[in-house]
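First up is the structure itself, then whatever we jot down about it.
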Amino acid sequence: MSDAIKIDVWSDVACPWCYVGKRKLENGIVEYTAASADGSAVPVQVEYHSFELSPETPVDFDGSETDFLAQHKGLPPEQTAQMLERITGIAESVGLHYDFDALKHTNTVKAHQVIHYAKAHGLQLEMKERLLKAYFEEGKHVGRDDDLADLAAEVGLDRDDVLRSLQADEFLDAVRADQAQAIEYGIQGVPFFVFDNKYGVSGAQDAATFAQVLTQITGERAAEAAADAVFGADADADADAAADAAGVGEAR
């Protein structure tokens, strides 16, 4: 019961629902922990994995987010603007302040490489948060090597080494491995959450949903531990009886 519950999350830096889902997951973990007044809650470990919603996007897209979505989804600008207004409101409800007018749409493969670099240095969660905030709230560019190195330095990473890594595509294979795993799991949209390699949750669900899944897994683990204790005790008793019958056993 002491092992952490692992949550693997597939998401994209350029996905507005992924930032909302990240915050709702975090709130759900808080709810889960707070609800376990008896101390039954176990630690939770979160790991992020790469997913590109639009890998064909150029690094420097010429146009606004409304222009991009209108082209990418084939929707009229008026409908696209309504979509952005809706997601902005939902983001506000979890404390995020999206600024789509300032947003610089870009290709995210380099951003994913930075997240993998940060993971190798124990700062993946910090890097993921910094990139999402920079993209959706601050209008910063997250597709160019120099800009990404600057953001990485803000979370405590070595800027020069990050730049070296990006220019060498050091973690591109790790990005591709994440994407291949997503295909194997049948993931077609993000955010997508996999709990303990058992349960998949799609979309930016409410915090209560995440808390419920964590509670369910904790209960299942407790039941399995109890069953193991019972059957383990029976097995030990059977082994002792057999040993006694054979005239062997531990010294007592």
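The values are calculated or read from the model by the stated rules, or taken from the named source; none is laboratory data. What you see is a predicted model, and the numbers here were worked out from it, not measured in a lab. Cβ placement follows ideal geometry from the backbone for every residue including glycine, while neighbour counts extend to all protein chains displayed. Side chains are part of the model used for accessible areas, which takes the heavy atoms of the whole protein and leaves out ligands, DNA and RNA. Shrake-Rupley method; radii C 1.70, N 1.55, O 1.52, S 1.80 Å.
Can we say residue 65 is open to solvent by less than 70 Å² (accessible area, probe 1.4 Å), within 30 Å of residue 219 (Cα to Cα) and not small (Gly, Ala, Ser)? Here the answer is no, as residue 65 does not meet what is asked. Of note, residue 216 does not satisfy the criterion of being of a type outside the set (Val, Ile, Thr), under 15 Å from the mean Cα position of the chain (by Cα) and either under 30 Å from residue 42 (Cα atoms) or in a strand (DSSP E or B) (or both).
Just one of the listed residues (148, 125) is open to solvent by 20 Å² or more (accessible area, probe 1.4 Å), closer than 19 Å to residue 175 by Cα and not in a loop (DSSP other than H, G, I, E, B), and it is 125. Going through region 198-210 one residue at a time, which ones are within 23 Å of residue 52 (Cβ to Cβ) and part of a loop (DSSP other than H, G, I, E, B)? Listed by number, the residues that qualify are 203, 204, 205.
Counting only residues that are open to solvent by less than 50 Å² (accessible area, probe 1.4 Å) and more than 12 Å from the chain's Cα centre (by Cα), region 188-211 holds 6 of them. Going by the structure shown, is residue 101 under 18 Å from residue 141 (Cβ atoms), out of contact with any helix residue (DSSP H, G or I) (no Cβ under 9 Å at 6 or more places or on another chain) and open to solvent by 80 Å² or more (accessible area, probe 1.4 Å)? In short, no. With respect to the stated conditions, residue 177 fails to be touching a strand residue (DSSP E or B) at 6+ places or on another chain (Cβ under 6 Å) and either β-branched (Val, Ile, Thr) or under 22 Å from residue 55 (Cβ atoms) (or both).
Number of residues in region 104-122 that are open to solvent by less than 20 Å² (accessible area, probe 1.4 Å) and farther than 19 Å from residue 178 by Cα equals 2.
Every listed requirement among (1) modelled with pLDDT of 95 or more; (2) surrounded by fewer than 14 Cβ atoms within 10 Å (Cβ to Cβ) is met by residue 2 save one, (1).
Candidates in region 151-168 are the residues that are in contact (Cβ under 8 Å) with a residue 24 or more places away in the chain and loosely packed, with under 14 Cβ neighbours inside 10 Å; of these, the one that is nearest to residue 123 (Cα to Cα) is 156.
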